[in-house]
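J.: A single structure is presented below for examination.
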Amino acid sequence: MTDALSAAVSIGFHGLAFAMVLYLISVGLSVTMGMMGFVNLAHGVFAMLGGYIVTSLINRHGVPFGLALVAAAVLTALGSIIIERLLYRRLYSGDELDQVLLTMGLIFMSLAAATYIWGAMPQPMHLPRWLSGEVDLGFRSFPAFRSFLILCGAALVTALWLGLERTRFGVRIRAAVDNLRMAQSVGINTSRLFTLTFALGSGLAGLGGGLGADLLAISPSYALDNLVYFLIVVAVGGLGSIRGPFVAALLIGVADTGFKYLLPELGAFIIYLLTMAILLWRPRGLFGRA
Amino acid sequence: MATEGLVRPGISAGNGATLAFARRHRLHPLEALPWVTAIAAFLLFPTYLPLGAQILATILFALSADLVLGYAGIVTLGHAAFFGTGAYTAGILAANGWGEPISGLLAGALASAAIGVVSGFIVLRTSGLALLMQTLVVATLLHEAANRASSITGGDDGLQGMQVWPIFGVFRFDLFGRTAFIYCFVVLFLCWWLARRIVHSPFGRSLTGIRENVLRMHAIGAPVMRRRLVIYTISAAFAGLAGALIAQTTGFVGLGFLSLDRSGTVLIMLIIGGVGRLYGAFIGVPLYMIAQDRFSEVAPVYWYFWIGLLMVLVVVSARGGIFGLVDRLRR
Amino acid sequence: MSEAARSPALETRGLCKSFGALQVANSIDFRLEHGARHALIGPNGAGKTSFVNLVTGALAPSAGQVLIDGTEVTDLPQSERVKRGLARTFQVTALFRRLTALENVTLGIAEREGVADDLFWPSGRHQRVIEEAYALLESLDLADDALRPVNMLAYGRQRLVEIAVSLALAPKVLLLDEPAAGVPSGESGTIIEVIERLPPEIALLIIEHDMDLVFRVAQRITVMVQGGVLVEGRPEEIARDPEVRRVYLGERTPS
């Protein structure tokens with residue numbers, strides 16, 4: 001393979017892996033923000049929690065990788081239900097400022113709690129034997145874990161999209177995102193729907209956090225450090241949209257990887273400038289509702 | 001008068017309601033309290049003057065955020081952008097041979113105002129989440145820029161080697177923080193006076209209209225974008241002044257000055273006191289910083305837990321901060 | 001020199017607006033004369049509020065023109081049209097919620113007088129602005145509530161403050177979007193009285209569903225259906241028109 005083509009393939013591959021992680025984490029945020037209009041800055045906390053659960057189970061208790069991922073998703077989903085019932089539900093009709101402050105407060109609390117439980121250092125990710133090393137595809141080889149990440153992500157995304165199109169639950173979600181009042185008047189229990197959707201989104205975020213532990217390091221300040229990227233994916237993709245954030249995640253994943261490789265001095269600049277330009281052109285995001 | 005046809009003449013001149021309304025801007029004796037307290041602190045706590053100076057400068061930062069958030073209703077997560085710009089401007093000048101404090105201060109304000117007007121032009125076209133995002137992206141952009149330009153800014157390690165000259169060539173910045181305290185006091189006082197005038201002016205009243213119902217503001221013919229841009233720029237200048245003050249009085253500027261953390265905590269300090277009341281900053285900032293100072297001797301990182309919890313509790317039950325509580329007790 | 005016929009206070013020519021396949025305004029030709037008392041009625045979804053939005057500039061038309069007092073304003077933003085004498089109220093009360101009634105009205109007058117850009121001197125200095133605002137509230141029997149935040153007033157009184165704020169702009173053309181909407185029947189009488197007492201020079205266009213109000217106040221009625229004008233004429237003509245009856249099947253009309 002020529003150098004340029006090889007570089008392009010590398011960037012595409014790693015960019016896609018990064019995009020998968022970003023999407024899995026952010027899709028829940030997009031749907032819940034679109035449905036309830038709730039500015040949830042603390043969404044990254046669930047991804048962080050998933051990451052901590054996966055790394056703790058693997059590193060300290062030798063739990064098999066797959067099981068750890070499932071545990072992360074389930075426990076995060078359950079935790080999110082508690083937070084939603086206890087706190088978020090009071091602020092749905094509230095001020096934007098209230099929502100920003102509440103979720104900021106939760107981020108701060110999670111930062112301290114994570115430091116207390118797991119310490120300030122980033123958690124190392126000990127990959128299981130079968131996922132370390134490389135996968136040889138003939139023309140070149142790829143890191144096994146990232147390949148697994150891409151395949152896993154693709155499977156989850158497909159399941160998600162199919163689920164939203166084909167199941168009754170999915171139809172209800174799309175109806176509520178489209179027009180909440182109308183959905184209520186048609187008899188959908190939006191309060192319960194929201195809790196379930198929120199749990200699903202948070203569970204996915206936990207899964208994404210765990211899967212992406214070597215891309216986005218698991219440390220106490222995770223929710224703060226990565227907030228901008230999660231919000232960019234949602235804002236650029238379009239609130240309430242399910243495909244929009246995927247496109248946005250792809251753009252950001254590939255662009256970020258590409259620029260880090262080709263123009264490291266520019267760092268994330270181009271992404272931020274691009275975000276501002278896109279939001280200026282389309283304030284509701286690329287696929288947001290008019 | 002334009003509504004002549006509807007008005008029965010001669011009734012309303014000088015009645016109680018209009019008089020009370022017209023006198024809202026008059027100084028109330030309680031408004032002397034912050035200044036009296038500051039002077040008392042200067043005299044009674046001579047060993048805490050450096051902290052005192054920082055508190056005064058941070059009050060200015062929170063006051064600038066109040067103008068934008070409490071009065072114009074613009075929810076921003078990136079106000080540290082202006083604070084940091086002012087700090088780095090003053091700091092870089094002082095670290096590269098120009099340590100004159102007053103001009104450094106003004107340079108900081110000017111730089112921040114410039115960032116304010118340019119970013120405001122882009123950011124203030126939107127509303128809701130898009131606006132919040134844009135403010136966050138601007139601040140993150142600047143943070144990244146400061147990180148990359150480490151030869152000028154010192155990057156991760158922070159700006160080193162600031163040399164601030166004596167004020168007017170006479171008042172040296174001493175180890176006890178006396179000069180710093182008075183310096184910050186005077187700057188805060190002047191800015192407070194300006195902010196107070198703005199808030200009570202017809203312009204300031206129109207900002208509250210923009211906050212309460214922007215749709216209605218458009219319908220009465222107000223140039224909404226222009227007004228928001230003006231207050232955003234003024235607020236940026238004040239935040240820049242605050243940043244420059246901290247830089248000059250502590251001799252250090254770091255990337256944290258531009259961080260999301262900094263933007264978030266200024267909101268928190270403001271909320272504790274109460275938003276949109278002009279004096280929320282004067283209550284919230286000292287409470288926060290003194291509590292943090294005491295706490296940091298015990299267990300610094302757990303401070304975040306308690307402050308986060310306080311935020312959650314304030315939002316859920318004590319919305320309006322201390323001012324809100326006082327209002328409720330009055331009724 | 002004989003005077004040419006005076007231009008109407010408000011006119012639209014061929015005003016069109018569509019959102020994709022949905023056409024909310026279908027080549028609307030409309031004239032509102034100075035001092036008119038004109039009502040715009042029609043079933044829900046007929047496009048009445050969209051028409052108001054197009055006229056005020058909150059919505060940009062796909063085609064057509066809007067003229068105020070003979071001057072074209074189609075490309076002018078809302079604030080410019082207000083300066084040329086156009087004012088409106090909103091169907092869902094749009095007031096400065098936590099501000100007092102007096103404050104709400106002074107904001108309107110301050111904009112009109114060009115005083116609102118003053119950054120430095122206290123608003124209390126502008127005595128005549130405050131007094132005019134108070135007098136306006138008095139004339140609408142709202143003086144008692146002058147210093148109360150509007151979100152604490154009874155809904156009917158809020159609707160009156162809404163009218164007061166639009167009057168504060170000294171308009172030549174006043175668009176009232178369902179002024180009695182949501183007002184309990186005990187309070188709607190006051191609103192009708194206030195509308196009847198409005199200065200005769202103001203050209204008034206009222207959108208309403210309340211037929212009592214419409215037939216008491218209007219000298220001309222335009223009926224809109226599905227984005228277009230169905231028929232226009234004097235109240236008696238409209239009441240007798242079989243098309244109108246058909247469109248309003250089930251709606252109450254005075255015999």
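J.: Which condition number in (1) more than 24 Å from residue A:223 (Cβ to Cβ); (2) surrounded by 19 or more Cβ atoms within 10 Å (Cβ to Cβ) is the one that residue B:310 fails?
T.: Of everything listed in (1) more than 24 Å from residue A:223 (Cβ to Cβ); (2) surrounded by 19 or more Cβ atoms within 10 Å (Cβ to Cβ), residue B:310 misses just condition (1).
J.: On the basis of being in contact (Cβ under 8 Å) with a residue 40 or more places away in the chain, under 22 Å from residue A:32 (Cβ atoms) and within 18 Å of the chain's Cα centre (by Cα), does residue A:91 make the cut?
T.: Here the answer is no, as residue A:91 does not meet what is asked.
J.: Residue B:289 - would you say it is in a helix (DSSP H, G or I), more than 21 Å from residue B:143 (Cβ to Cβ) and within 11 Å of chain A (Cβ to nearest Cβ)?
T.: Against the criterion (in a helix (DSSP H, G or I), more than 21 Å from residue B:143 (Cβ to Cβ) and within 11 Å of chain A (Cβ to nearest Cβ)), residue B:289 does not qualify.
J.: Considering only segment C:173-255, give the strands (runs of 3 or more DSSP E) lying wholly within it that have at least 3 residues that are within 14 Å of chain B (Cβ to nearest Cβ).
T.: C:173-177
J.: Separate question: One residue is enough: does segment B:206-217 have a residue meeting the conditions away from chain C (no Cβ under 14 Å), among the acidic types (Asp, Glu) and either out of contact with any Gly (no Cβ under 9 Å at 6 or more places or on another chain) or in a helix (DSSP H, G or I) (or both)?
T.: For segment B:206-217, residues away from chain C (no Cβ under 14 Å), among the acidic types (Asp, Glu) and either out of contact with any Gly (no Cβ under 9 Å at 6 or more places or on another chain) or in a helix (DSSP H, G or I) (or both): absent.
J.: What number of residues in segment B:291-311 are touching a helix residue (DSSP H, G or I) at 6+ places or on another chain (Cβ under 7 Å) and farther than 15 Å from residue A:103 by Cβ?
T.: 8
J.: Can you say whether residue C:66 is farther than 25 Å from residue C:180 by Cβ, in contact with a strand residue (DSSP E or B) (Cβ under 7 Å, 6 or more places away or on another chain) and touching a residue at least 12 places away in the same chain (Cβ under 8 Å), as far as the supplied structure shows?
T.: yes
J.: On to the next question. What is the one condition in (1) under 30 Å from residue A:86 (Cβ atoms); (2) in a loop (DSSP other than H, G, I, E, B) that residue A:284 does not satisfy?
T.: Unmet for residue A:284, out of (1) under 30 Å from residue A:86 (Cβ atoms); (2) in a loop (DSSP other than H, G, I, E, B): (1).
J.: Here's a follow-up. For the condition in contact with a Ser or Thr (Cβ under 9 Å, 6 or more places away or on another chain), within 8 Å of chain B (Cβ to nearest Cβ), in a helix (DSSP H, G or I) and not aromatic (Phe, Trp, Tyr), what is the one hit in A:106, A:102, A:111?
T.: Selected residue: A:111, the only one of A:106, A:102, A:111 that is in contact with a Ser or Thr (Cβ under 9 Å, 6 or more places away or on another chain), within 8 Å of chain B (Cβ to nearest Cβ), in a helix (DSSP H, G or I) and not aromatic (Phe, Trp, Tyr).
J.: Here is a follow-up. Is at least one residue of segment C:70-77 facing chain B (nearest Cβ under 7 Å) and in contact (Cβ under 8 Å) with a residue 12 or more places away in the chain?
T.: no
J.: Another question about this same structure. Identify, please: which residue in segment C:132-144 is out of contact with any helix residue (DSSP H, G or I) (no Cβ under 6 Å at 6 or more places or on another chain) and at the interface with chain B (Cβ under 7 Å from one of its Cβ atoms) and is, among those, nearest to residue C:187 (Cα to Cα)?
T.: Selected residue: C:138.
J.: Filter segment B:257-286 down to residues that are of a type in the set (A, V, I, L, M, F, W, C) and part of a loop (DSSP other than H, G, I, E, B) and give me whichever is farthest from residue A:112 (Cα to Cα).
T.: Per the stated criteria, the residue is B:278.
J.: Between A:193, A:200, A:262, A:279, which is over 23 Å from residue A:165 (Cα atoms), aliphatic (A, V, I, L, M) and surrounded by fewer than 24 Cβ atoms within 10 Å (Cβ to Cβ)?
T.: Result of the check over A:193, A:200, A:262, A:279: A:262.
J.: I've got another one for you. For segment B:99-157, how many residues are facing chain A (nearest Cβ under 8 Å) and in a helix (DSSP H, G or I)?
T.: 16
J.: Another question, if that's okay. For segment C:77-96, name all the residues that are part of a loop (DSSP other than H, G, I, E, B) and out of contact with any Lys or Arg (no Cβ under 6 Å at 6 or more places or on another chain).
T.: Those that are part of a loop (DSSP other than H, G, I, E, B) and out of contact with any Lys or Arg (no Cβ under 6 Å at 6 or more places or on another chain): C:77, C:84, C:89, C:90, C:91, C:92, C:93, C:95, C:96.
J.: Let me ask something else about it. State whether one or more residues within segment B:269-281 are away from every other protein chain (no Cβ under 14 Å), buried (at least 22 other Cβ atoms within 10 Å of the Cβ), farther than 28 Å from residue C:98 by Cα and in contact with a Phe, Trp or Tyr (Cβ under 9 Å, 6 or more places away or on another chain).
T.: The answer is no; no qualifying residue exists.
J.: A follow-up question, please. Please work out which one of (1) without any contact (Cβ under 8 Å) to a residue 24 or more places away in the chain; (2) of a type outside the set (A, V, I, L, M, F, W, C); (3) within 17 Å of residue B:19 (Cα to Cα) is the condition residue C:106 fails and give its number.
T.: Unmet for residue C:106, out of (1) without any contact (Cβ under 8 Å) to a residue 24 or more places away in the chain; (2) of a type outside the set (A, V, I, L, M, F, W, C); (3) within 17 Å of residue B:19 (Cα to Cα): (1).
J.: Name the single residue, out of those in segment B:16-55 being over 30 Å from residue B:205 (Cβ atoms) and not aliphatic (A, V, I, L, M), that is surrounded by the fewest Cβ atoms within 10 Å (Cβ to Cβ).
T.: Per the criteria, the residue is B:47.
J.: Another question about this same structure. Out of the residues in segment C:108-124 that are of a type outside the set (Val, Ile, Thr) and more than 8 Å from chain B (Cβ to nearest Cβ), state the one that is surrounded by the fewest Cβ atoms within 10 Å (Cβ to Cβ).
T.: C:114
J.: Need a quick list: strands (runs of 3 or more DSSP E) entirely within segment C:17-74 having at least 1 residues that are touching a helix residue (DSSP H, G or I) at 6+ places or on another chain (Cβ under 6 Å) and not aliphatic (A, V, I, L, M).
T.: Correct list: C:37-41.
J.: Go through (1) free of Cβ contacts under 8 Å to residues at least 60 places away in the same chain; (2) closer than 27 Å to residue C:28 by Cα; (3) surrounded by 21 or more Cβ atoms within 10 Å (Cβ to Cβ); (4) facing another protein chain (nearest Cβ under 7 Å) and name the single condition residue C:96 misses.
T.: Residue C:96 satisfies every listed condition except (2).
J.: On to the next question. Quick check: is even one residue across segment A:94-109 of a type in the set (S, T, N, Q) and at pLDDT below 90?
T.: no
J.: Moving on. Can you name the number of the only condition in (1) under 26 Å from residue C:147 (Cβ atoms); (2) facing chain B (nearest Cβ under 7 Å) that residue C:105 fails?
T.: Status for residue C:105: all satisfied but (2).
J.: Further, regarding this structure: Kindly indicate the residue of segment C:83-93 that is at the interface with another protein chain (Cβ under 9 Å from one of its Cβ atoms) and either farther than 23 Å from residue C:115 by Cβ or out of contact with any strand residue (DSSP E or B) (no Cβ under 7 Å at 6 or more places or on another chain) (or both) and also surrounded by the fewest Cβ atoms within 10 Å (Cβ to Cβ) among those meeting that condition.
T.: Selected residue: C:83.
J.: Being in a helix (DSSP H, G or I), out of contact with any strand residue (DSSP E or B) (no Cβ under 8 Å at 6 or more places or on another chain), in contact (Cβ under 8 Å) with a residue 12 or more places away in the chain and more than 24 Å from residue A:37 (Cβ to Cβ) is the requirement here; does residue A:153 meet it?
T.: Yes: the conditions hold for residue A:153.
J.: Let me ask another. In segment B:193-205, which residues are in contact (Cβ under 8 Å) with a residue 60 or more places away in the chain and more than 7 Å from chain C (Cβ to nearest Cβ)?
T.: Answer for segment B:193-205, where residues must be in contact (Cβ under 8 Å) with a residue 60 or more places away in the chain and more than 7 Å from chain C (Cβ to nearest Cβ): B:195, B:196, B:199, B:204.
The values are calculated or read from the model by the stated rules, or taken from the named source; none is laboratory data. Just so we're clear, the structure is a prediction, and the values are computed from it rather than from any experiment. Positions of Cβ are generated from backbone atoms using ideal geometry, with glycine treated the same way; all protein chains shown enter the neighbour counts.
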